[in-house]
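The values are calculated or read from the model by the stated rules, or taken from the named source; none is laboratory data. Because the structure is predicted, anything quoted here is derived from the model rather than measured. Heads up, the Cβs are rebuilt from the backbone with ideal geometry, glycines too, and the neighbour counts pull from every protein chain shown.
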Amino acid sequence: MIADYFKIAVKSLKQKKTRSMLTLLGIFLAIITIFVLMSLSLGLNDFVNEQFQMLGGNIFFIQPKGQAGAPGAGGAVELTVDDANIVEKVNGVNRIAYAVVGNAKIGFDNKNRYYLAMGIPLDNPDYIELFFDSMNLGIDEGRILRAGDKKKVVIGYNYKYKNLFDKPVKTGNKIKINDVEFEVIGVLDAIGNPGDDQNLYISYDDAKELFNSGNRVDMIDVEIKTGEDLKTVADRVERKLIKFRNVDEKTVDFTVQTPEELLSAFDTILNILTAFLVGIGSISVIVGGIGIANTMYTSVLERNKEIGTMKAIGARNSDILLIFVIEAGILGLIGGISGVIVGIIIAKSIEYVAAAYIGSNIIRASLNPILIVGSLLFALLIGIISGLTPSYQASKLKPVDTLRYE
């Protein structure tokens, strides 16, 4: 019996090909919009999670609370080398790394650009190793900084491979930072974030001279000892710094953040972004649903005699209702399938173009099976819901009235 209902529904849709195609277009565009937006949003979420997983569970971070935006952007509050030294002595801390960050004028090949330069202390190999490890910085060419380096610089991936200047910057080249000449000794692997991939890394002493930053510290990375609890040590460090800086819990002027806390903050932002994107996509869904409802109402009017004939030979109200609901559901499902297919193509194209243009996989398309199946079920559901009212109207028509209909 159900198979017969499907045959009748498909036959009706085939007879009205143009109208069916126009109706499908609404759901098709709606599913494309939602799928692409959700796919890119989930892809961004995957990227963020991957970045935090690389940090592991034994590192946390300290920054000035008054700092606006990226490290080095400036603020009313500053951390200092003295703060870093206090942190290093806290029970449970294995080693630390810190850096000062400044906006620098970068000169090469008679061109000037402005990017961030990060100064790290070179007097302790542990500082250097932890800093590069905590930021997931690997070497593509040359070497990292080491003790004794003066006027040496390690450059981000984009300097060599994305032509930030007219020609690639490589190891052995000379560049100017705030009009002071530095020798490039290393090029980093790609991080995947365009901002990070165009950073520079120099010694802390050189940074002090370039930025007149004194003993300022813009970020402190803290690694705990094996067997210690990250949250416990982080709380211990926070209490120690509060006492050392002569502040209390209400006036505390720095932040201590674990990877979990940072990830939670990013998740909140991503959830808001996802909700916003879904809201945009919902407009397309409403338009598509209205199209299906309109088509079903027209179909009911055109098939009054057919409905009357079916009822005259024994069809029940539930049979008529089911036939029209199936018809609406098919419209939604076909629109959903075609929308998902084209949505995958568009999302992957955006991923490819973004990777080629900015050299990063931060913009990626997630092809999560739940998203694909969810989009199809959503399209089917929208079709059924949109067709319910006209289908119910069709089921309630009286045979004698429908057979008289002209």
query = Looking at (1) exposed (fewer than 13 other Cβ atoms within 10 Å of the Cβ); (2) at pLDDT 85 or above, can you tell me which one Ile2 breaks?
reply = (2)
ask   = Scanning region 132-164 for residues that are at pLDDT 90 or above and among the hydrophobic types (A, V, I, L, M, F, W, C), which turns out surrounded by the most Cβ atoms within 10 Å (Cβ to Cβ)?
value = Ile155
Region 133-156, residues that are in contact (Cβ under 8 Å) with a residue 24 or more places away in the chain and under 29 Å from the mean Cα position of the chain (by Cα) = Ser134, Met135, Asn136, Leu137, Gly138, Ile139, Asp140, Val154, Ile155, Gly156
query = Residue check, Glu223 against (1) in contact (Cβ under 8 Å) with a residue 24 or more places away in the chain; (2) assigned to a helix (DSSP H, G or I); (3) over 20 Å from the mean Cα position of the chain (by Cα), all met but one. Which one?
reply = (2)
message = Name the single residue that is surrounded by the most Cβ atoms within 10 Å (Cβ to Cβ) among those in region 179-220 being part of a loop (DSSP other than H, G, I, E, B) and among the acidic types (Asp, Glu).
response = Asp218
query = Looking at region 157-172, which of its residues are in contact (Cβ under 8 Å) with a residue 40 or more places away in the chain and in contact with an Asp or Glu (Cβ under 8 Å, 6 or more places away or on another chain)?
reply = Tyr157, Asn158, Lys162, Phe165, Asp166, Lys167
message = Test of understanding: among Ile106, Ile96, Ile128, which residue is out of contact with any Asp or Glu (no Cβ under 9 Å at 6 or more places or on another chain), over 22 Å from Lys160 (Cα atoms) and buried (at least 20 other Cβ atoms within 10 Å of the Cβ)?
response = Ile128
request  = Give just the number: which of (1) out of contact with any Leu (no Cβ under 7 Å at 6 or more places or on another chain); (2) in contact (Cβ under 8 Å) with a residue 40 or more places away in the chain does Asn178 not satisfy?
outcome  = (1)
ask   = Can you name the condition, by its number, that Thr389 falls short on among (1) closer than 26 Å to Val287 by Cα; (2) in contact with a helix residue (DSSP H, G or I) (Cβ under 6 Å, 6 or more places away or on another chain); (3) modelled with pLDDT under 80?
value = (2)
ask   = For residues in region 237-252 being surrounded by fewer than 17 Cβ atoms within 10 Å (Cβ to Cβ) and touching a residue at least 24 places away in the same chain (Cβ under 8 Å), which is nearest to Asn94 (Cα to Cα)?
value = Phe244
remark   = By residue number, the members of region 175-203 that are over 30 Å from Asn45 (Cβ atoms) and out of contact with any strand residue (DSSP E or B) (no Cβ under 9 Å at 6 or more places or on another chain) are Val180
query = Which one is farthest from the chain's Cα centre (by Cα) among residues in region 364-387 that are touching a residue at least 60 places away in the same chain (Cβ under 8 Å) and under 24 Å from Thr295 (Cβ atoms)?
reply = Gly387
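Residues are listed down the side, and each one gets a yes or a no for (1) at pLDDT 65 or above; (2) outside any helix (DSSP H, G or I); (3) under 30 Å from Thr258 (Cα atoms):
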site: Ile8; (1), (2), (3): no, no, no
site: Ser12; (1), (2), (3): no, no, no
site: Met21; (1), (2), (3): yes, no, no
site: Leu29; (1), (2), (3): yes, no, no
site: Leu40; (1), (2), (3): yes, no, yes
site: Phe47; (1), (2), (3): yes, no, yes
site: Gly69; (1), (2), (3): no, yes, yes
site: Ala73; (1), (2), (3): no, yes, yes
